[in-house]
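Contents: one structure, followed by commentary.
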Amino acid sequence: MKAKAFDTRLFKRILKYTKPYKKRFNGVILFAIALSIFAALRPYLLKHTVDEYLQPKDKHGLLIYVSLMGIVLLFEGLSQFYFVYWANWLGQDIVKDIRTKLFQHLLQFKMKYYDNAPVGQLVTRSVSDIEQIARIFSQGLFMIISDLLKMVVILIFMFYMNWKLTWIVVAAMPILVFITRIFQKKMQVAFEEVRTQVANLNTFVQERVTGMKIVQLFNREAIEFEKFKEINQKHNVAWIKTILYNSIFFPIADIISSLCLGFVVLYGGFHILDGDKFTTFGDLFSYTMFITLLFNPLRQIADKFNEMQLGMIAANRVFDIIDDENSIQNDGKIEAKHFIGNINFNKVQFSYIDNQEVLKGISFEVKSGETIAIVGATGAGKSTIINLLNRFYEINSGEIYIDNQNINQFTLESLRKQIAIVLQDVFLFADTIYNNITLNNKEISEEEVITASKKIGVHEFIMSLPDGYNYNVKERGVMLSSGQRQLIAFLRAYVSNPSILILDEATSSIDTYSEELIQKATETITKNRTSIVIAHRLATIIKASKIIVMDKGFIVESGTHQELVNLKNGYYKNLYDSQFSVAI
């Protein structure tokens, strides 16, 4: 979505975030007013110092006025300090609130949103884009207000002191305003391109760093490097445009300022030489300061407006995410304290992409305490069942019940609290084993973790590591093998004490030793608990209470292992025979 030159609606929305900090907001405005008055007083006092004390050679009066100028300078410095400090403080508090709201919103999104949104882009929105919003207040809005106030007060002083010289200055201002406007429009387009290229660069680098093993494994270094150079070049070109526009604008602004000062000195000087008492040497001295104080803010307003534009573009991107209505409906009222464990899928249809159904009206039941297995080819819809049971996605039609209650009637938090999942690809945070097991849940004590790990046979393995439960597994658990990560995932699921347990391909890529430990862990944590096991390795599900066989979104067979292998030319029998013939 392209931002407008200045989106008033968006700006008002940003300003709403200042409401909790109204006193500080008003304080910044008051300091801006004080700053403009003190800035204009210095040249005014200089005029009187030159005309009334310097030319008449009044040393005593000169000392008093210089001291007075020093006091004004002190108060100007204090006003500048509080103005800058409070403006930046306010900006940081506002982005803290926006970032909190954004992250809370991200936590509520359906998985479908993350299927399509690049991670690097979301990181850019959550970090650098939001930080840019702070500059609306620290480098944009308040600076513009301060500069405008300063210009107004300075013009008032200038007209009061010498209206003839002031009209020369005023005549030059529209030219600078016109040039500033052109510059601002060009920079708005350039900065929008910069933000786009920054997001593209972040996305590319994040994905390649995460997938570096694949890059190196398939000798893609040279190819990926060329792609990076291309994206980096686009990023570079986008920034060079902003540098070019700055390089053109600021010299032109300086030339206009210098020409204006030259005309003032020339005009005023001729009048002094002609004996015009209306213009004094004090006027010329003070106007050299006034013109600088007047034109610098006018010139810098363009720069400050660009900061606002950057912030507005960033805010537009962030609010696009906040306004996205991809959140899961969480209007259930029932708190799931503990499930008996009866599960019922009734004619459930679902598609990740419109008109491409993954589940085509499936129905099945799981009774409390049963362990059922779901098997089938890749893409048959096995993992989709798990995703729907946890409400990661919303079904197209049909109903899903737990204990005869539609799962939509439960609050999301309580529903998911009663369901634990062990995935094939275990995700561990860059933290200790203990924190990865408890996920920082303060209700789970260390004693409970140790007791649970002993029950499922994991304690000995954990204690063999340096620092035991305090061992830091680093990012994504790279310090552990895949089997060890799986064991941690089993323990994580066990200590959460779920009513329903799901094992999604949890034993498909581990060594024989780890498989023995996991088999023991599986028997322990599934005991007297409703469990759903998705597996390619049929040897691990022979003892399941029931096996559901899926193919292309349909349930094609259902029964115990013995019942299914006795079906002549059955899907499961063929799958089972092919696996064991390969094994032999």
For the chain, share of DSSP beta bridges that run antiparallel, in % to the nearest 5: 50
For the chain, size of Cβ-based charge dipole, Lys and Arg +1, Asp and Glu -1, in debye: 980
Efficiency of FRET between W89 and D320 - r from beta-carbon atoms, R0 25 angstrom, step 0.05: 0.35
So if each residue of separation counts as 0.36 nm, and I subtract the Cα-Cα distance between N246 and D431, what length gain in nm does that give? 62.0 nm
Which of (1) 80, 78, 48; (2) 121, 47, 46; (3) 84, 63, 55 is the computed Cα extents along the principal axes in Å for the structure on display? (2)
Alpha carbon Rg of the stretch 198-260, scaled by the compact-globule rule 2.2 N^0.38 Å: 1.85
By the Kirkwood definition, with r running over pairs of different Cα atoms, the stretch 418-497 has a hydrodynamic radius in Å of 12.4
How much length is gained if the chain between S258 and Y401 is pulled fully straight, taking 0.36 nm per residue apart and subtracting their Cα-Cα distance, in nm to one decimal? 43.6 nm
Towards the positive end of the charge dipole of the chain, with charges on Cβ (+1 Lys, Arg; -1 Asp, Glu), say which of N330, N306, G376 has the farthest Cα. N306
Net length gained if the chain between S363 and N232 were fully extended (0.36 nm per residue, minus Cα distance): 42.0 nm
Using a ≥ b ≥ c from the Cα gyration tensor of the stretch 200-306 (square roots of the eigenvalues), is it rounded, prolate or oblate, where a/c under 1.5 gives rounded and otherwise the larger of a/b and b/c decides, a/b for prolate? prolate
Suppose every K and R has +1 on its Cβ and every D and E has -1 on its Cβ; what is the size of the dipole of the stretch 325-468 about the Cα centre, in Debye to the nearest 20? 400
Listed residues A315, I450, L102: farthest to the positive end of the dipole of the chain (Cβ charges): A315
Any helix of the chain counts here only if DSSP assigns it H throughout, its Cα atoms span 24 Å or more along the axis, and its mean Kyte-Doolittle hydropathy is at least 0.0, and such helices are 22-48, 59-107, 142-161, 163-210, 221-273, 281-322
If amide hydrogens are placed 1.01 Å from N in the peptide plane, which non-local residues have theirs closer than 5 Å to the one on V358? F350, S351, Y352
With R₀ set to 56 angstrom, the calculated FRET efficiency between the beta-carbons of L74 and T210, to the nearest 0.05, is 0.55
Mind ranking F285, F249, F305 by accessible surface for me, highest first, 1.4 Å probe? F285, F305, F249
Here P(r) for the stretch 338-467, Cα-Cα distances in 10 Å bins, as whole percents, is 10, 33, 30, 21, 7, 0
Residues with beta-carbon under 11 Å from that of G570, excluding G570: net charge, scoring Lys, Arg +1 and Asp, Glu -1? -1
The chain: calculated mean residue ellipticity at 222 nm from DSSP helix runs of at least 4, using -39500 (n - 2.57): -20500 deg cm²/dmol
Cα-based shape type of the stretch 103-159, given that a ≥ b ≥ c are square roots of the gyration tensor eigenvalues and the cut on a/c is 1.5: prolate
Once you put a point 7 Å from the Cα of E446 and another 7 Å from the Cα of E221, both along the Cβ direction, what distance in nm separates them? 4.4
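The values are calculated or read from the model by the stated rules, or taken from the named source; none is laboratory data. Computed from a prediction, not measured in an experiment: that's the story for all the values here. Cβ coordinates were reconstructed from backbone atoms using ideal geometry, including for glycine residues, and neighbour counts include every protein chain displayed. Accessible surface areas use protein heavy atoms only, side chains included; no ligands, DNA or RNA. Shrake-Rupley method; radii C 1.70, N 1.55, O 1.52, S 1.80 Å.
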